[in-house]
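Have a look at the structure below, then the notes.
Please treat every number below as a calculation from the coordinates, not as lab data. This is a predicted model, so every value here is computed, not measured. Here the Cβ is made from the backbone with ideal geometry for all residues, glycine too, and neighbour counts use every protein chain on show.
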Amino acid sequence: MSTEQTRELTDRLTLAYVAGDAAAIAALLAQDVVHHPPESLGAGPHAGRAQTAAALALTPGGGALQAGSVEREVALALADGDSALVKVRVRARTADGADYRNEVVLISTWRDGEVVRIDEFGDTLNDADLGVVKDVPAWP
């Protein structure tokens, strides 16, 4: 794929991710897509279109954040050949009312107009400190 094609498709994926729109996310994923969330979360990888779209569309924290409080802002988007990187700032309120802030980086690999792999990175220690995720394994 060309860089321009990847950029255009990544823009569509990013808009769907920011909106939390599982159907729009799924429309851009290959059937055999694999999503690798941060390893320290102990979740994933998510395999297949349905599982990956659901994981990316979920409100971060699976209910640990107040419904309707999640805001996502694109800070950076880059594309080169069949790969893209998007940095998203996330702001919300935790279930107990605390301010939540994090940055998430999604690196996607595209094939024939569909995402085949997404690697996700974020500050999971921050999430654990705020109680957004539970039982983050200790760093070795």
Principal-axis tilt of helix 3-19 within the chain, Cα atoms, nearest 10 degrees | 30 degrees
On the formula 1/(1 + (r/R0)^6), with r taken between the Cβ atoms of residue 126 and residue 51 and R0 of 25 Å, the FRET efficiency rounded to 0.05 is 0.50
Between residue 77 and residue 43, with labels modelled 7 Å along Cα→Cβ, what's the label distance in nm to one decimal, could you check?
-> 2.4 nm
Between residue 96 and residue 19, how many nm apart are label points set 7 Å from Cα along the C-beta direction?
-> 3.5 nm
